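The values are calculated or read from the model by the stated rules, or taken from the named source; none is laboratory data. Since the model is a prediction, treat every value here as computed from it, not as a measurement. Heads up, the Cβs are rebuilt from the backbone with ideal geometry, glycines too, and the neighbour counts pull from every protein chain shown. Heavy atoms of the whole protein, side chains included, go into the accessibility calculation; ligands, DNA and RNA do not. Shrake-Rupley method; radii C 1.70, N 1.55, O 1.52, S 1.80 Å.
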Amino acid sequence: MAVSGLLGLRLERRANASRAMLLVTPPLAVLLTVLSGAVLFAALGFDPVKALMSYFVAPISTRYGIGELAVKATPLAMIGIGLALGFRGNVWNIGAEGQLTLGAICAGGLALAFHGQEGPWLLPLMMLAGAAGGLAYGAIPAWLRTRFNANEILTSLMLTYVGTLLLSYLVTGPWKDPDGFNFPESRLFNDAALLPIILDGTRMHLGAPLALLAVVVGWVIVARTLIGFQIKVVGLTPIAAGYAGFSQARTIWFTLLLSGGLAGLAGAIEVAGPIGQLQPSISPGYGFTAIIVAFLGRLHPVGVLLAALLMALSYLGGEHAQIELGLPLALTGVFQGMLLFFLLASDFLVHYRLRRVAPPGVRAARGRVGEARRRWTSFP
Amino acid sequence: MSAKPGMNGSSGAHPRLILRGITKRYPGVLANDRIDLTLGAGEIHALLGENGAGKSTLVQIVYGVVRADAGRILWNGAAVTVDGPAGARALGIGMVFQHFSLFESLTVAENVALGLDPKSEAGARDMAALSARIAEVSARYGLTLDPEARVFDLSVGERQRVEIVRCLLQDPSLLIMDEPTSVLTPQEADQLFETLRRLAAEGRTILYISHKLDEIRRLCDSATILRGGRVVATCDPRTETAPSLARLMIGEEVRATRKETAGAKPRMDELLRVEGLSMKATNPLGTPLHDVRLRLREGEILGIAGVAGNGQNTLLAALSGELPAPRADAIRFEGVSIGLEGARARRDRGINFVPEDRLGHGAVADLSLADNALLSGWRRWSLVRRGLVSFARSRERAEQVVARFSVAAPGAHAAARSLSGGNLQKFIIGREIMQRPRLLIAAHPTWGVDAGAAAAIHKALIELAASGAGVIVVSQDLDELFTLADRVAVICAGRLSASRPAHEVTAEDVGLMMGGLFDAAIAKGGGVPSETGDTRDGG
């Protein structure tokens with residue numbers, strides 16, 4: 001309140017937040033991002049229209065480009081679905097990047113272990129191993145939260161760095177390609193350990209339909225199942241959940257295992273799909289970007305799918321702008337950041353409004369009355 | 001700081017505070033009806049009344065939180081308007097709230113500094129000087145307190161001292177204490193009384209809000225008793241007896257019992273038996289339970305009276321299973337030990353619960369009535385098959401509740417938050433009753449509900465009992481309890497009195513027990529604090 005008072009403005013909670021507005025804000029945030037992007041390009045000395053075309057349209061104007069969009073949207077949608085379910089229940093898994101890494105390690109380790117003796121059973125096994133790896137990694141913050149009440153935001157985030165360092169150790173040590181001239185990479189996977197391409201002339205692979213399947217399953221969980229209802233109630237009103245006999249611990253376990261498993265599967269898909277080997281870095285931050293995807297998609301599976309496509313486009317646009325316009329790749333981060341900023345800001349203004357307030361003296365008195373009122377309202 | 005508004009000089013000429021004809025109306029209720037009150041210098045004056053008698057509204061008006069619709073406030077003989085708590089403090093009125101507002105991670109001195117106005121209080125920024133002042137004030141009034149201690153290390157009684165010292169640094173000539181002993185052990189309460197007497201001896205006036213009869217008789221020079229927003233008596237509590245005060249507080253009118261033949265009911269099977277139930281509260285400020293025992297037969301309605309905050313919430317959580325008991329055999333239902341079972345398992349047995357909080361406990365505000373029917377009824381109504389929810393059947397059930405209990409709602413799709421309090425209450429009670437419970441536990445079933453809806457709810461509860469189910473009603477409304485209950489028990493400071501047939505109990509008995517004066521059998525515990533410690537460790 002003190003900060004907002006500086007400009008003679010005050011934030012007030014709106015009595016009724018409009019539901020319609022909550023659906024309008026994501027497109028509005030996209031629009032504002034595009035407009036700010038135009039200003040940014042103009043300030044850098046580019047023709048804004050041309051630059052925006054090069055960022056948002058050119059990358060998907062070819063068949064290959066569409067394939068790339070699917071390649072990038074696949075892990076984002078898959079992880080975003082899991083995170084969105086958790087966020088609905090106030091379970092904040094911020095460590096999807098680490099769970100993705102563990103999934104990649106488990107799937108990749110399997111591919112390396114069976115190098116030279118593959119069969120059609122290998123690929124499904126790798127997918128299962130990836131999901132299991134991510135799930136087990138998600139189980140750690142779930143256990144810490146339910147056993148010690150340790151904040152899962154911190155534990156899952158910190159475990160991400162453990163995961164990436166473990167991968168670095170493996171590819172620079174035991175799993176390094178023996179014929180790889182000492183590069184920190186594993187050997188390339190054999191064909192039997194690679195996901196088949198499903199669109200000729202592109203890199204679109206079998207992971208894309210798997211991601212769509214995750215979206216459908218996510219939708220069924222949210223809209224039709226008891227566990228989906230349970231997550232919603234725990235997220236909205238934990239006390240009412242206790243009343244209904246819904247266990248909060250169960251919700252934490254379910255959502256962290258599910259989002260961890262999906263992130264691990266996404267990691268397996270990455271190494272068995274576009275990458276084809278283990279490298280020190282296997283993801284350009286998909287696990288973190290998926291957080292934006294979940295919120296941009298309003299925590300709804302269909303919204304998550306659309307948001308994943310949009311964020312995938314921002315990756316492609318960044319790469320394209322780097323080549324065409326000679327702009328640094330950090331541009332991707334700028335666009336993703338602006339998008340999240342505008343989304344959160346417009347969300348906030350749906351729930352709150354700015355009000356001009358009276359001069360400081362009166363305001364201080366009013367603040368105290370408010371404080372005293374709050375005390376009184378807790379009076380039985 | 002040295003100028004003490006009306007501290008000494010004016011005390012002879014005018015009473016410190018005079019209220020004349022204070023009236024405050026809230027929608028549907030006259031909270032204060034032409035209240036007159038006179039407080040002299042050096043007086044410890046009790047404001048006594050049941051919950052809802054208008055005590056809170058009156059002191060809110062004096063402290064400037066609420067503005068009266070009519071009436072005059074004279075401060076040291078001069079008419080004043082109190083513009084908010086800051087204005088009240090400027091006049092010399094201080095208040096210690098029942099709920100503290102302290103930052104746990106800060107020290108005592110830091111907490112006090114935060115409460116001071118940096119412009120007018122010279123010492124507010126000089127922590128060393130402030131600590132010295134705190135030490136001085138606490139020594140002078142016997143409020144042992146270390147200025148450098150962190151608040152999270154302090155007991156509840158010590159935290160209250162921080163609040164009192166914070167008030168005293170403003171040098172108030174009127175100190176309002178809102179139910180100060182509700183969170184204190186008897187020893188802490190004794191210390192507090194000592195402090196208050198010293199303050200009064202200096203000429204400060206104390207307005208002491210309470211419903212505990214014995215402590216008012218020990219501490220206060222005079223008492224004003226409120227009932228239904230009106231002053232019903234002003235008296236000297238030292239010359240009154242506890243029963244006479246209780247009668248004044250609760251009213252003498254004879255309360256009609258539900259049925260004259262209440263005692264002649266055929267003896268039915270025992271449904272619920274609670275024995276030796278001692279447990280900690282859900283939160284640190286809650287009241288723990290001590291050796292609670294109760295029995296309930298089929299077809300019987302047990303009323304539990306008591307002033308809020310005496311352990312009702314802990315007892316309700318223990319009975320509903322939201323906070324399982326420490327031992328399985330502490331709660332037996334139909335002969336089975338269920339103490340350790342959670343809310344879901346107990347609901348499966350047919351134990352349904354109507355919590356005090358409608359929005360946020362008994363219902364989820366943002367969800368539809370259909371979803372809220374699912375919330376508690378998904379097991380008993382089999383609304384879920386193989387993990388999949390049947391929303392159609394949930395809607396059907398919600399519509400049945402709406403129709404049978406005449407809930408004014410546009411339909412099952414309406415969000416719970418869109419309903420008025422009374423209608424939501426009807427929906428929640430209806431939802432629980434229509435699940436055909438074996439035992440229904442209802443907290444404050446008609447609190448804030450209009451008369452028509454209240455009658456409908458009472459009728460439904462009586463019908464439920466007539467069908468053979470057991471009903472426990474926890475309420476502060478004695479009229480309600482006497483209307484509904486076959487037997488009445490009283491909860492006070494986490495102890496439950498023995499229950500007695502409603503037609504044998506008078507309002508006076510209940511009033512006495514609400515003030516903590518249980519019959520010999522219950523009061524025998526004697527050394528309350530040491531026993532408290534034992535049971536807590538044991539539980």
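Overview of results
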read-out	value
Filtered residue count, segment B:420-444, keeping only those that are aliphatic (A, V, I, L, M) and open to solvent by 30 Å² or more (accessible area, probe 1.4 Å)	1
Evaluation of B:A345 against (1) open to solvent by 30 Å² or more (accessible area, probe 1.4 Å); (2) more than 12 Å from chain A (Cβ to nearest Cβ) (one fails), failing number	(2)
Number of positions in segment B:64-88 that are touching a Lys or Arg at 6+ places or on another chain (Cβ under 7 Å) and within 9 Å of chain A (Cβ to nearest Cβ)	5
Some residue of segment B:36-57 being within 14 Å of chain A (Cβ to nearest Cβ), touching a residue at least 24 places away in the same chain (Cβ under 8 Å) and farther than 26 Å from B:A305 by Cβ	no
Some residue of segment A:163-170 being under 22 Å from the mean Cα position of the chain (by Cα), of a type in the set (S, T, Y) and more than 21 Å from A:L123 (Cα to Cα)	yes
Residue match in segment B:89-96 (condition: assigned to a helix (DSSP H, G or I), modelled with pLDDT of 85 or more and away from chain A (no Cβ under 13 Å))	yes
Within segment B:351-370, considering residues that are of a type outside the set (A, V, I, L, M, F, W, C) and more than 7 Å from chain A (Cβ to nearest Cβ), the one most open to solvent (accessible area, probe 1.4 Å)	B:D357
Failed item, numbered, when B:S101 is tested on (1) hydroxyl-bearing (S, T, Y); (2) within 11 Å of chain A (Cβ to nearest Cβ); (3) open to solvent by less than 30 Å² (accessible area, probe 1.4 Å)	(3)
Residue under evaluation B:A79, criteria (1) modelled with pLDDT of 90 or more; (2) in contact with a Ser or Thr (Cβ under 8 Å, 6 or more places away or on another chain); (3) open to solvent by 10 Å² or more (accessible area, probe 1.4 Å), criterion not met	(2)
So B:A113, is it small (G, A, S) and open to solvent by 10 Å² or more (accessible area, probe 1.4 Å)	yes
The lone exception for B:A343 - which of (1) under 17 Å from B:G286 (Cα atoms); (2) modelled with pLDDT of 90 or more it fails	(1)
Any hit, segment A:101-113, residues being open to solvent by 10 Å² or more (accessible area, probe 1.4 Å) and small (G, A, S)	yes
Scope segment B:399-417; condition more than 32 Å from the chain's Cα centre (by Cα) and open to solvent by less than 30 Å² (accessible area, probe 1.4 Å); matching residues	B:G411, B:A412
Number of positions in segment B:411-432 that are outside any helix (DSSP H, G or I) and not hydroxyl-bearing (S, T, Y)	6
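Residue-wise test of (1) open to solvent by 60 Å² or more (accessible area, probe 1.4 Å); (2) within 14 Å of chain B (Cβ to nearest Cβ); (3) in a loop (DSSP other than H, G, I, E, B).
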| residue | (1), (2), (3) |
| --- | --- |
| A:S168 | no, no, no |
| A:F183 | yes, no, yes |
| A:S186 | no, no, yes |
| A:F189 | no, no, yes |
| A:A192 | no, no, no |
| A:L212 | yes, no, no |
| A:W219 | yes, yes, no |
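Residue by residue, here is whether (1) at pLDDT 90 or above; (2) open to solvent by less than 40 Å² (accessible area, probe 1.4 Å) holds:
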{"site": "A:L305", "(1), (2)": "yes, no"}
{"site": "A:L329", "(1), (2)": "no, no"}
{"site": "A:Q336", "(1), (2)": "no, yes"}
{"site": "A:R353", "(1), (2)": "no, no"}
{"site": "A:G367", "(1), (2)": "no, yes"}
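Conditions tested, residue by residue: (1) polar (S, T, N, Q); (2) within 14 Å of another protein chain (Cβ to nearest Cβ); (3) buried (at least 20 other Cβ atoms within 10 Å of the Cβ).
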position: B:S278; (1), (2), (3): yes, no, yes
position: B:G286; (1), (2), (3): no, yes, no
position: B:I301; (1), (2), (3): no, no, yes
position: B:N313; (1), (2), (3): yes, yes, yes
position: B:A318; (1), (2), (3): no, yes, yes
position: B:E334; (1), (2), (3): no, no, no
position: B:E341; (1), (2), (3): no, yes, yes
